[in-house]
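The values are calculated or read from the model by the stated rules, or taken from the named source; none is laboratory data. Since the model is a prediction, treat every value here as computed from it, not as a measurement. Cβ atoms come from the backbone with ideal geometry, glycine included; neighbour counts cover every protein chain shown. Ligands, DNA and RNA are stripped out before the accessible areas are found, and what is left, the full protein with its side chains, is counted by its heavy atoms. Shrake-Rupley method; radii C 1.70, N 1.55, O 1.52, S 1.80 Å.
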Amino acid sequence: MSGLNMIRERRSSFTDVCFSFKDEKESCKLDKIKTIRDVKSSSKLLKTEAIFGKVVDISDLRTYKTQDKVEKKFFYLAVADKTDSITVMVYGEERFKRFKKRSCYSFKNVIVDGNTIKVTRLTTVLKIKAFKVPSKVEKDAQTLRKQKPVSPTRKTPVKVKGSDPGKPVKSKQVKTGTKSQETNVKPGTTKVRSDAVQNVKIKITRIIKCLKTKFHLEAEFNSKQQKVAVTSRLLSKATGLKLQDDVEEKLLNLMPISAEAKIQGNKITEMKIM
């Protein structure tokens, strides 16, 4: 039986293959998940908490000026879940092309500013499996762009002269052998040692980045959530998926994926679907 068929057989007992908050909590167990309704009522979201949302609408790129009069870019998203909708303000032109209408994402380590959340350089945004949003909630989300949004420079969390809102000021030093390398370590994720070789059972739960020859993933093993990389060829062979344009969507629909893997440093060198 191919890896793809094994995954499908294991998932066949689910009556609804669409994403739900309950399924994500039980399968990933990574973040504490809050609904948009919870966030709007409490006006806060802890760094260990995340929200999941479907992008209903995307604004054009807009500009604002820093305290040093430097012009920067930002844009708005209208995001909805099963409970409510909210405006999401995203800083940085580089993220504009990463969001697609009707796709779903998780947002962690954001700033809550009234009925708006702000995505900064410290925010972790991951694409997740698609889930259904009630038609009324989605219709309400489409009206968010008509409302007056908050200012992009209001309530910025990091007060550093000349910096973007939320931009990390200093990176951590990680020593490898006799050399020292700089890396930005995001909270809640463990970085695998570069010299470690492990034979472990893993549960692949998130896609961080999808490249032509390599996938950067988040996987749960050794009771921790860790970042790993795997070649597209090895992942295709293990799962039975063909390397086509929609491979990312198909892979998301199969998650979580349980496998036996050999990991050297942060690279999966061997992999077999369980």
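Leu122: in a strand (DSSP E or B) and of a type in the set (A, V, I, L, M), yes or no?
On the way: in a strand (DSSP E or B): no; of a type in the set (A, V, I, L, M): yes.
It is false that Leu122 is in a strand (DSSP E or B) and of a type in the set (A, V, I, L, M).
How many residues does segment 103-119 contain that are open to solvent by 30 Å² or more (accessible area, probe 1.4 Å) and under 15 Å from Ala141 (Cα atoms)? Qualifying residue count for the region: 1.
Hey, among the residues in segment 237-261 that are in a strand (DSSP E or B) and either of a type in the set (S, T, N, Q) or open to solvent by 70 Å² or more (accessible area, probe 1.4 Å) (or both), which one's nearest to Cys210 (Cα to Cα)?
Of everything passing the filter in segment 237-261, Ser258 is nearest to Cys210 (Cα to Cα).
For (1) in contact with a Ser or Thr (Cβ under 7 Å, 6 or more places away or on another chain); (2) touching a residue at least 40 places away in the same chain (Cβ under 8 Å), each residue gets a yes or a no:
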site	(1), (2)
Lys209	no, no
Thr213	yes, no
Ser232	yes, no
Leu243	yes, no
Ala261	no, yes
Gly265	yes, yes
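Of the residues in segment 130-153, none is open to solvent by less than 30 Å² (accessible area, probe 1.4 Å), at pLDDT below 90, among the basic types (Lys, Arg) and part of a loop (DSSP other than H, G, I, E, B).
Of all residues in segment 43-84, exactly one satisfies the criterion of being free of Cβ contacts under 8 Å to residues at least 40 places away in the same chain and among the hydroxyl-bearing types (Ser, Thr, Tyr), namely Thr63. The single condition among (1) modelled with pLDDT of 80 or more; (2) open to solvent by 70 Å² or more (accessible area, probe 1.4 Å) that Asn266 does not meet is (2). Residues of segment 212-236 that are exposed (fewer than 14 other Cβ atoms within 10 Å of the Cβ) and either at negative phi or touching a strand residue (DSSP E or B) at 6+ places or on another chain (Cβ under 6 Å) (or both): Lys212, Thr213, Lys224, Arg233. Ser106 satisfies every condition listed in (1) touching a residue at least 60 places away in the same chain (Cβ under 8 Å); (2) over 21 Å from Arg206 (Cβ atoms) except (2).
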